[in-house]
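For reference, the structure discussed in these notes is given below.
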Amino acid sequence: MRRLRQTGMDLPGTLTAAMVCLFALVACGEPVYFDVNDAGEAAMQAPAVEPWKVVRLDPDYGGQWVVAADLDGDGRVEFVACENHNVGDVHFTSTAAAHDLDGRVLWRWGEPDIGRKSWHHDVACQIHDWDGDGGFEVVLATKGAIVELDGRTGREKRRIPIPDEATDCIVFADLAGCGRPTDVLVKDRYHNIYAYNHGGRLLWHVSNPGGCRTAHQPRPIDLDGDGRDEIAAGYAMLNADGSVRWVFKSGKVDENRGHLDCIRLLRRGDSLEQMRLVLTMCGANGIAVVDGHGTVVWERTGSHFESINIGRVIAARPGPQILVDIDHQPPGQSPLWLLDEDGVLLGRINTDYARHHHLLDWTGDGLDEILNAHSGAVYGHEGRRIATLVVDPADGGATADSERSIIAGDFTGDGIADVALVTTAAVYIFKNEKGARSAEPVRLGTEFNFTLY
């Protein structure tokens with residue numbers, strides 16, 4: 001493990017030499033703080049953490065796409081698991097089943113004989129108080145329709161007609177500036193996005209926004225603070241009315257060799273020039289940070305960067321930090337990178353498979369630990385594995401053909417963010433015993449726009 005050590009040097013010449021050494025490491029792409037191998041036989045031994053609860057999914061209606069909320073108002077979380085039907089990368093949600101913490105199935109919806117349990121993408125099902133009455137709806141996209149279900153009973157409340165292929169995902173946004181997300185976005189795989197209001201009226205439709213393919217999931221971000229969401233539709237940022245605000249242009253690669261994989265708000269500022277967004281480029285093999293105008297601040301290229309988490313792992317490094325995996329790698333050569341907001345590589349962990357991950361304060365010290373779904377590893381601030389979240393091997397979910405999902409939220413009702421690992425058979429919930437309570441309220445369950453990206 002490489003690590004830059006603090007030595008207490010105070011001589012100007014020695015300090016200058018240390019700075020030159022540091023800059024050389026950065027320029028060569030070497031991590032500043034840690035470089036750890038945690039793959040294969042090199043996997044480090046760490047204390048095993050048993051699940052707080054295991055929720056078995058319905059064998060006929062349950063699937064690996066899982067979202068969570070307090071559906072019945074009893075103060076405890078429930079989980080909705082879905083299957084999806086797929087032909088030629090065109091898919092729609094085919095089942096949904098609600099489970100309580102004790103494993104009881106509360107309700108079932110859909111056709112259990114046509115779908116698949118595993119996922120390779122977002123599945124169009126979210127949980128949201130769409131009408132603002134204080135109760136949750138389960139909203140999904142099946143062939144030709146957005147379907148709204150009563151969260152408590154699973155009763156179908158209504159259907160909104162949509163194009164047959166616009167069933168790739170569901171996203172809620174506030175396009176009207178009414179103070180809460182009442183509009184809904186649906187899309188086909190890579191070309192068309194449709195926006196509807198709560199009444200089901202089509203607000204706008206865009207095709208290949210800005211001349212680019214769409215991202216996997218449109219991302220609502222209120223860039224200018226006017227109360228209306230802009231939409232990161234791919235490399236194009238859209239205004240609330242669907243018009244193009246700006247288009248990202250890479251200075252190093254042809255971004256249109258593929259599509260935008262993930263975009264996240266890295267830092268807000270007093271102006272659009274000070275705002276920072278981070279994005280990954282599928283096919284073009286890059287990661288970039290842009291300001292609120294879409295102007296490139298920095299880029300790194302040459303690897304297939306995928307999913308992004310924002311947090312803070314290294315105390316000595318100010319500002320937000322970026323955790324990103326590098327996908328499409330041979331087994332055992334799947335790294336997680338930790339970058340600062342200026343693109344400096346702070347740490348690197350090589351794993352057997354790193355596609356699904358999260359940042360969470362697991363130790364209560366106010367900093368984030370790195371969690372890897374595939375192995376259940378929890379990594380500390382030096383990149384070392386400090387714990388392993390245990391999943392029954394009989395449930396699978398740790399091979400290239402059967403991945404584990406990772407979801408986060410308050411699942412125990414104590415106001416502290418927990419984590420769960422999900423296979424096609426079960427949800428393994430791990431109570432965050434030492435995590436500090438966040439200054440911001442933590443939602444009971446997953447976010448209402450949950451996404452793999």
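Does the range 325-344 include one or more residues that are of a type in the set (D, E, K, R), under 18 Å from the mean Cα position of the chain (by Cα) and farther than 24 Å from Glu447 by Cα?
For the range 325-344, residues of a type in the set (D, E, K, R), under 18 Å from the mean Cα position of the chain (by Cα) and farther than 24 Å from Glu447 by Cα: present.
When Glu273 is tested against (1) crowded, with 17+ Cβ neighbours inside 10 Å; (2) of a type in the set (D, E, K, R); (3) outside any strand (DSSP E or B), only condition (1) is not met.
Considering only residues in the range 428-453 that are under 18 Å from Asp100 (Cα atoms) and open to solvent by less than 30 Å² (accessible area, probe 1.4 Å), the one that is nearest to the chain's Cα centre (by Cα) turns out to be Thr446.
Of the residues making up the range 206-244, those that are touching a helix residue (DSSP H, G or I) at 6+ places or on another chain (Cβ under 6 Å) and among the polar types (S, T, N, Q) number 0. Could you please let me know if Gly409 is touching a Gly at 6+ places or on another chain (Cβ under 8 Å) and either at pLDDT 95 or above or crowded, with 21+ Cβ neighbours inside 10 Å (or both)? Yes.
Scanning the range 302-326 for residues being under 15 Å from Val253 (Cβ atoms) and open to solvent by 60 Å² or more (accessible area, probe 1.4 Å) gives a total of 1. Restricting to the range 327-340, and then to whatever is of a type outside the set (Gly, Ala, Ser) and either touching a Leu at 6+ places or on another chain (Cβ under 6 Å) or open to solvent by less than 40 Å² (accessible area, probe 1.4 Å) (or both), can you tell me which residue is farthest from Ser405 (Cα to Cα)? Residue satisfying both the conditions and the ranking: Asp340.
Listed residues Thr142, Thr93; which is out of contact with any Leu (no Cβ under 8 Å at 6 or more places or on another chain), of a type in the set (Ser, Thr, Tyr) and modelled with pLDDT of 95 or more?
After ruling out the rest, the residue left standing is Thr142.
Scanning the range 175-197 for residues that are part of a loop (DSSP other than H, G, I, E, B), of a type in the set (Ser, Thr, Tyr), crowded, with 23+ Cβ neighbours inside 10 Å and at pLDDT 95 or above turns up nothing.
I'd like the residue in the range 343-359 that is touching a residue at least 60 places away in the same chain (Cβ under 8 Å), in a strand (DSSP E or B) and touching a Gly at 6+ places or on another chain (Cβ under 7 Å) and, out of all such residues, is surrounded by the fewest Cβ atoms within 10 Å (Cβ to Cβ). Checking each candidate, the answer is Leu345.
Being under 23 Å from Phe450 (Cβ atoms), touching a helix residue (DSSP H, G or I) at 6+ places or on another chain (Cβ under 7 Å) and open to solvent by 10 Å² or more (accessible area, probe 1.4 Å): is that true of Ala425 here? Criteria met by Ala425. The requirement of being in a loop (DSSP other than H, G, I, E, B) and within 20 Å of Ile322 (Cα to Cα) is satisfied by Trp362.
Residues that are open to solvent by less than 40 Å² (accessible area, probe 1.4 Å) number at least 3 in the following strands (runs of 3 or more DSSP E) confined to the range 213-270: 214-221, 230-234, 236-238, 259-267.
The values are calculated or read from the model by the stated rules, or taken from the named source; none is laboratory data. These numbers come from a predicted model, not from an experiment. Heads up, the Cβs are rebuilt from the backbone with ideal geometry, glycines too, and the neighbour counts pull from every protein chain shown. Heads up: the accessible areas ignore ligands, DNA and RNA and are worked out on the full protein's heavy atoms, side chains in. Shrake-Rupley method; radii C 1.70, N 1.55, O 1.52, S 1.80 Å.
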